[in-house]
Each structure stands twice: as C-alpha cells, then as structure tokens.
1. State which entries of LYS97/LYS186; LYS64/LYS149; LYS149/LYS186 exceed 18 angstrom in Cα-Cα distance in the structure shown.
2. Compute the projected area of the convex hull of the Cα atoms of the range 31-140, averaged over all viewing directions, and report it in nm² to one decimal place.
3. With the Cα gyration tensor of the range 102-204 in hand, convert its eigenvalues to equivalent ellipsoid semi-axes via √(5λ) and list them largest first in whole Å.
4. Counting only DSSP beta bridges with both residues in the chain, tell me the antiparallel percent, nearest 5.
5. Quote the accessible area belonging to TRP93 in square angstrom, nearest 10, computed with a 1.4 Å probe and with ligands, DNA and RNA left uncounted.
6. Compute the relative contact order of the chain as a whole-number percentage, counting only Cα pairs closer than 8 Å that sit 6 or more residues apart in sequence.
7. Which of the aspartates and glutamates could a cross-linker span from LYS162 if the Cα-Cα distance has to be under 19 Å and same-chain partners fewer than 8 positions apart are dropped?
8. Averaged per residue, what accessible area in Å² does the range 63-204 show with a 1.4 Å probe, protein chains only?
Amino acid sequence: MKGPRSKQPEITPDMLLRAYSIGLFPMADSADDPELFWVEPEIRGVIPLDRFHVSHSLTKRIRKRPFEIRFDTAFEAVVEGCAQPAPGRPTTWINDKIRTLYAALHRMGYAHSVEAWEGERLVGGLYGVSLGAAFFGESMFSLRTDASKICLVHLVERLRAKHFQLLDTQFTTDHLKSFGAVDVPKAEYDLLLARAIASPNLEF
C-alpha cells in the first residue's frame, strides 16, 4: 500500500531533502506517469545496522570476489538499471522526474550508488540518499546472481564504518527480511529518524 497521496508537480532537490528529513519520499504510479506523489508509510522498513545478517552461502560467494565493487562512479547508470523491467518486476516507478531529481542530489553530494562490475560492464547496483546519519535506500537491480545482494553487504559495511545510525528500506520484502530488515511502526520510526537527522551530515 502506498498510502495517501499529495501530488506535488514541482518538487525541487532541496524540497526532496526536507521531505526525507520528516519521513516522506516520492514515487510515481509507473515509469510513464509524469507525476509524483508523496509516500509516508504507517509501517516502515528498516535494517538495523547492528543486526544485519549475511547467509553462509552469500558469505562464501563474497569471498570469491565475483564482482568489483565501486561507489559513486556510475550513479545515473545505476538508476537506469533500477528503472528497467526485470523478472518478477515488469514495471517500475522510476520516471523521468525521479531520474532528474536524484541525479541532482548526486551532484549535490546527497545521493549515492553502490555498483557491481564485471570488467567494464555494470551488472548490479543500488542507490539511495544520505542525510545526517541516515541512509535511505531507494532501489536495486541485478543482472548477475547475487550482484545486488553483494552491493547491499558492501553498503552496510560502509555505513557501519562511517557510524551511520539508520538504514531505511521504505518497505520490507522477504528478500530484505533475510538480511534482518524489520517492520517499524511510524511512531517508532519517527524517533529513529529524528535522532539520525539531528546528526551532522556524515561522509558516505
């Protein structure tokens, strides 16, 4: 469920950052829909950074270094990968406005990507927004087995090393729950968010 809508046709990057700071994020009905609406879930997905779980099989695969992991070298390509249809995901909500807004946040130093590379081919990744001591995960994609999962592991390692407090996943899925994601009621989430946003902006 996406929750109640408030259409806002002229969202700016600064407005978007303010929205994240109070628990809102934008979505579109589809990639072809030019409009965006604000979402404020009553139940929020969060991965507690101190309880992140990596399966034994994935740990073994990571040790084999199947991909080169890079940060922030192909942000717009990662967003584009997330926007493409995939098995089990025939459509996405990433429209042109989303691409433009998050590219602007990236240039401003607030939006970041984690990328899985095979040689010079991007085969998986994720992106999100960093604000205060919070990281708001937006989307991920994978063209190779475990590519996005391995990016998530590297994201969490980086957030822990930089002393982030909150990893927001917006919603939970069985996939994310396997890593330790939990559903948090809005009132509890608001407290976690306020504490993380009160921090100075941490370096990603």
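The values are calculated or read from the model by the stated rules, or taken from the named source; none is laboratory data. Since we're looking at a predicted model, the values are computed, not measured. For neighbour counting, all protein chains shown are included, and Cβ atoms are generated from backbone atoms with ideal geometry for every residue, glycine included. Side chains included, ligands, DNA and RNA excluded: accessible areas come from the protein's heavy atoms. Shrake-Rupley method; radii C 1.70, N 1.55, O 1.52, S 1.80 Å.
1. Values: LYS97/LYS186 27 Å; LYS64/LYS149 14 Å; LYS149/LYS186 27 Å.
As for pairs spanning more than 18 Å Cα to Cα, those are LYS97/LYS186; LYS149/LYS186.
2. Details: hull surface 35.5 nm².
Here the figure is 8.9 nm², rounded to one decimal.
3. On the way: eigenvalues 109, 61, 25 Å².
Ellipsoid half-lengths, sorted descending, are 23, 17, 11 Å.
4. Numbers: 31 of 34 bridges.
Antiparallel: roughly 90 percent of the beta bridges in the chain.
5. Spelled out: TRP93, probe radius 1.4 Å, area about 50 Å².
6. Values: 384 pairs, mean separation 55.1, N = 204.
Over the chain, the number comes to 27 percent.
7. ASP50, ASP72, GLU115, GLU203
8. On the way: 6650 Å² over 142 residues.
Normalised by residue count, the accessible surface of the range 63-204 is 47 Å².
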